[in-house]
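All remarks here apply to the structure that follows.
Derivation of every value follows stated rules applied to the coordinates shown; laboratory data play no part. The shown structure was predicted, so the numbers you read here are calculated from the model rather than taken from an experiment. Heads up, the Cβs are rebuilt from the backbone with ideal geometry, glycines too, and the neighbour counts pull from every protein chain shown.
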Amino acid sequence: MAARIDHTVISGTFSLDGQTHEVANNVWVVGDDAECVVIDAPHDVDGIRAVVGGRKVTAVVCTHAHDDHVRVAPALREAVGAPILLHPADRPLWELTHTGTEWDEDLSDGQEITVAGTRLRVLHTPGHAPGGVCLYAPDLGCVFTGDTLFRGGPGATGRSYSDLPTLEAAIRARLFALPDDTVVRPGHGDGTTIGAERAAMDADAAGEGSPARLSGEEGTP
């Protein structure tokens, strides 16, 4: 049976640097009727398990360690018996939420995670967070970008452990190398395509467009 993508949105909060924001997180579940991988673990275990159903969860893959993406990762691990995967560069952020609790396996650039016969290729894309990753699924024609790339541009920077030039460089080197028709499935909000976001960033760099995330909009993911 071919792999498919299931999806839900779970609301909660994101806190960092003494500020708290209301957020709505996408949860992406990739698999078939027998097994699946959960991408990010925000806010509510029951909400995630409702999408998983009776399937075996082979991994909980965290795109980065901001609290709205990993808050219930340990509880979800306990509930479904699956390992948590995270890039080790995000340890400082992970420890802000889960002091004394470890994830199970390190993610590395170029690593491939296989579920239901489909490959998810790990692309290290630091900048929004030092250990930020995207998961490219060529068989499904999409990339799961966490908070690296949204419809409208790069994820927010200006917080601790973030850097805009690093993020933009990672997007151009890793994500814009993908086919233009690759669907972007982000950690928040609506999807887009690689081609659309490349064109928008190129126009902005040339002074022909307006950045989607202006100074002072750091409350967005």
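Can you pull the Kirkwood radius for region 102-213, inverse mean 1/r over Cα pairs, to one decimal in Å?
For region 102-213, the Kirkwood estimate is 14.3 Å.
How would you rank 92-99, 39-46, 198-205, highest first, on the average number of other Cβ atoms within 10 Å across their residues?
Descending packing order for the listed peptides: 39-46, 92-99, 198-205.
Sticking with the crude label model, points 7 Å out along Cα→Cβ, report the distance from VAL9 to ASP139 in nm, one decimal please.
In this crude spin-label approximation the distance works out to 2.9 nm.
How large is the charge dipole for region 4-205, taken about the Cα centre, if only the Cβ atoms of Lys, Arg (+1) and Asp, Glu (-1) carry charge, to the nearest 20 debye?
For this selection, approximately 200 debye.
Write down Rg/Rh for the chain, rounded to two decimals, with Rg from the C-alpha atoms and Rh from the Kirkwood relation over Cα pairs.
My calculation puts Rg/Rh at 0.94.
Can you compute the helix-only [θ] at 222 nm over the chain? Use -39500 (n - 2.57) per DSSP H run of at least 4 residues, normalise by all residues, nearest 500 deg cm²/dmol.
Calculated at 222 nm, the ellipticity per residue is -5500 deg cm²/dmol.
Please list 120-130, 74-84 highest first by mean number of surrounding beta-carbon atoms within 10 Å per residue.
Highest to lowest by the protection proxy: 120-130, 74-84.
If I take the Cα coordinates of region 1-89 and project them onto the principal axes, what are the three extents in Å, biggest first?
46, 26, 21
Please compute the net charge surrounding LYS56, taking Lys and Arg as +1 and Asp and Glu as -1 over other residues with Cβ under 12 Å from its Cβ.
Around LYS56, the charge tally is -2.
Rounded to the nearest 0.05, what FRET efficiency is calculated for THR99 and ALA24 with R0 set to 25 Å and r the Cβ-Cβ distance?
So the FRET efficiency works out to roughly 0.40.
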